[in-house]
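Asks: Below is the structure I would like to discuss, written out as structure tokens.
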Amino acid sequence: MLIATTLAILVVMIMALVRAFLGPTIYDRILAVNTFGTKTVLLIAVIGFLFGRPDFLDIALVYALINFISVIGVLRYFEYNDEVAAHEYNEKAETQKES
Amino acid sequence: MDTVVNIVSGACLLLGSFLIFSGGLGLLRFPDFYTRMHAAGITETLATGLILLGLMLLAGWGIVLAKLMMILLFILITSPTASHALAKSAQHGKLAPQLAEPEDQRSR
């Protein structure tokens, strides 16, 4: 069961990476990176049990803290910066709708 | 007793894996930022809780259980907070949601 869970987490991490590379807006990328970080915490915990070394859980805890702080920090930077973030994507959607 | 605990833990892990996978599929396939955030944000909390619950059942009493409880508590607090901050940031950044075309509404 632990191996199946590890494989599922790895597949989902690959999906999140694909979304982070594809993502049309900056928010898609932030969402994908956030998901990737949460899944990394789970992966470290499950792999610790799989190898019989639950000491890995300390690393998972620290990684959860770092992930949350970094996502909130990046979001604070982009929150009031609408020229950078969504403008180009919205304009492209408008022109597609008109044509 | 041991067998029962192992079976319940395996069921929790399997269900958590399925939820994680559906969340990842939604993150990859949905057409719009807000729908993607819905898929990822909803499945994240329950899937993480189920997988950590399965690990807790495997761990037994001890310091490992305490660490797993701390991770679970922290993720239960931070994951909805991150989703909320993301939605608020996208709304302030004036990201337009993808709406249905007017022709579709008339034909309904």
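The values are calculated or read from the model by the stated rules, or taken from the named source; none is laboratory data. Here the structure is a predicted model, which means the values were calculated and not measured. Reconstructed Cβ throughout: ideal geometry from the backbone, glycine too, with neighbour counts over all protein chains shown. These area figures cover heavy atoms from the full protein model, side chains too; ligands, DNA and RNA do not enter into them. Shrake-Rupley method; radii C 1.70, N 1.55, O 1.52, S 1.80 Å.
Asks: Given the condition in contact (Cβ under 8 Å) with a residue 60 or more places away in the chain and either more than 7 Å from chain B (Cβ to nearest Cβ) or surrounded by fewer than 21 Cβ atoms within 10 Å (Cβ to Cβ) (or both), answer yes or no: does some residue in the range A:61-77 qualify?
Replies: Within the range A:61-77 (the criterion being in contact (Cβ under 8 Å) with a residue 60 or more places away in the chain and either more than 7 Å from chain B (Cβ to nearest Cβ) or surrounded by fewer than 21 Cβ atoms within 10 Å (Cβ to Cβ) (or both)), the answer is no, since none of the residues qualifies.
Asks: Out of the residues in the range A:1-48 that are open to solvent by 10 Å² or more (accessible area, probe 1.4 Å) and outside any helix (DSSP H, G or I), state the one that is farthest from B:D32 (Cα to Cα).
Replies: Here the residue is A:M1.
Asks: Another question, then. Working only within the range B:9-44, note down all residues that are polar (S, T, N, Q) and either open to solvent by 40 Å² or more (accessible area, probe 1.4 Å) or under 17 Å from A:V11 (Cβ atoms) (or both).
Replies: B:S17, B:S22, B:T35, B:T43
Asks: For the range A:15-35, which residues satisfy the criterion of being in contact with a Lys or Arg (Cβ under 9 Å, 6 or more places away or on another chain) and more than 9 Å from every other protein chain (Cβ to nearest Cβ)?
Replies: Result: A:A20, A:F21, A:R29.
Asks: Scan the range B:46-101 for residues that are surrounded by 14 or more Cβ atoms within 10 Å (Cβ to Cβ), of a type in the set (F, W, Y) and modelled with pLDDT under 90 and report the count.
Replies: 0
Asks: Which ones in the range B:47-88 are of a type in the set (V, I, T) and touching a residue at least 12 places away in the same chain (Cβ under 8 Å)?
Replies: B:T48, B:I51, B:I71, B:I75
Asks: Hey, another quick one. Which of the residues belonging to the range B:26-43 are among the hydroxyl-bearing types (S, T, Y) and more than 14 Å from A:N34 (Cβ to Cβ)?
Replies: B:Y34, B:T35
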